[in-house]
Structures are given as structure tokens and as C-alpha cells.
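Here is the structure we will look at, set down as C-alpha cells.
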Amino acid sequence: MSAVALGVLESGTEIAIPTAEAGIGKVILSPTSADLIAGVEIRPFALWPDDRGYFLEVARIGQGLVAGFPAATTQVSAALNYPGIIKAFHYHKFQTDYWVAAAGLLQVALVDMRRGSSTFGAKNTLYVGALRPWQVLIPPGVAHGYKVIGEQPSMLIYVTDRNYDPKDEGRIPYNDTAIAYDWELQHK
């Protein structure tokens, strides 16, 4: 597979933009899917609805998918997104992201850019949020982005294992021709 080199991860693994087949890749319908990009982890989270709305617990430091996140550098952020908005792609050389779509529905796109990974070049699509309450752990070297689908805004809460460092973040246009991710309605 041809690719454009971008740098090296903290682990020494080279990262590159792979040339991929056009489309959305494998749609992940289960947290245990065999098609999931190596190192990406998914777990359902509980919602506690009542007549006032709902409550969800985003994370407990030292437990679950964020168990290895150091308390001194863990950062919690949120992004409110309007319907139809696409925020993609970006990647990190060092930072691990943990995402919880707390409201609305997101079409999450993941691309493995880690040369030597068993899933290098793979694309995954996950539909997460109010209708599928999943938490998603995204390791360094996996490009990620999302589109807000439906008619409601979304709220993405994300926890990172490091404080924000602009030197760690790389960006790739959402319509990059090598990745060839299809953000259009799929009509399936």
C-alpha cells in the first residue's frame, strides 16, 4: 500500500497517510468486532434517564478505558457541534483520546496510519451517541474525525492523557483524496 510519511510516534512507529479504497471502510456494529482497528477500544456506557432528562458518567480517572491516564496531565474538554458539521481529520503522535458522545449522533471515522500495524490503512466508521452510547479510546497514530448526523446538535466530551500541545497534533483535510473517506449519505 502506498502512503505519504508524516513522522514517528513516541513508540518509534512511522505514521503515514495510506492510500485507501474510496468509501467508509468497515462499519463497526459491536465493541468486539474483528474489523476494529488495532488498539482502538470501545465499551458501552450506561445512561440513567428519568422524567428530567438523563445522567451519564463520562469517566473515572484510574478506571475503565482511561485507567492509564495520568491524573497530572489528563485534560477533559467538550465540543458542541451543529448538524451536518464535519471535523476531520486529525491525529496525534503522543496523545491518546477517549471520546463520549453525550448528546446527538456522530458518524466517527477512524483511519490507521501506523506503518507496521496489523490494520495499517484500515478505515472504520462508528455511529455513536444518543442511539448508541459508546465510549471510544483512540490511540496515537489513528486519524480521527466525525460528522454530526441528524437534526440535533451533538456534544462530544473528550478526555486526553496529555494536556493539549499543538506540536503533537497533525491535520489532514476531511476530503483528502488518499484517505478517500465518503462523508455523503450512504443510502443503505
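Coordinate-derived values only; no laboratory data. Predicted model only: the values in this text are computed from it and were never measured. When we count neighbours, we look across all protein chains shown, and the Cβ atoms used for this are built from the backbone with ideal geometry, even at glycine.
In table form, for the structure just shown:
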quantity: FRET efficiency estimate (nearest 0.05) - Cβ-Cβ, Gln63 to Ala22, R0 30 angstrom; calculated: 0.15
quantity: Cα-Cα separations in the range 96-165 greater than 20 Å, expressed as whole percent; calculated: 32 percent
quantity: Expected-Rg normalisation [2.2 N^0.38 Å, Cα atoms] applied to the chain; calculated: 0.99
quantity: For the chain, the longest site-free run once GluC sites (Glu not before Pro) in DSSP loop states with at most 14 other Cβ atoms within 10 Å are removed; calculated: 58-150
quantity: Within the range 39-182: Cβ-based charge dipole about Cα centre, in debye rounded to nearest 20 (Lys, Arg +1; Asp, Glu -1); calculated: 280 debye
quantity: Amide hydrogen neighbours beyond the local backbone of Arg162, cut-off 5 Å, H modeled; calculated: Gln75, Thr96
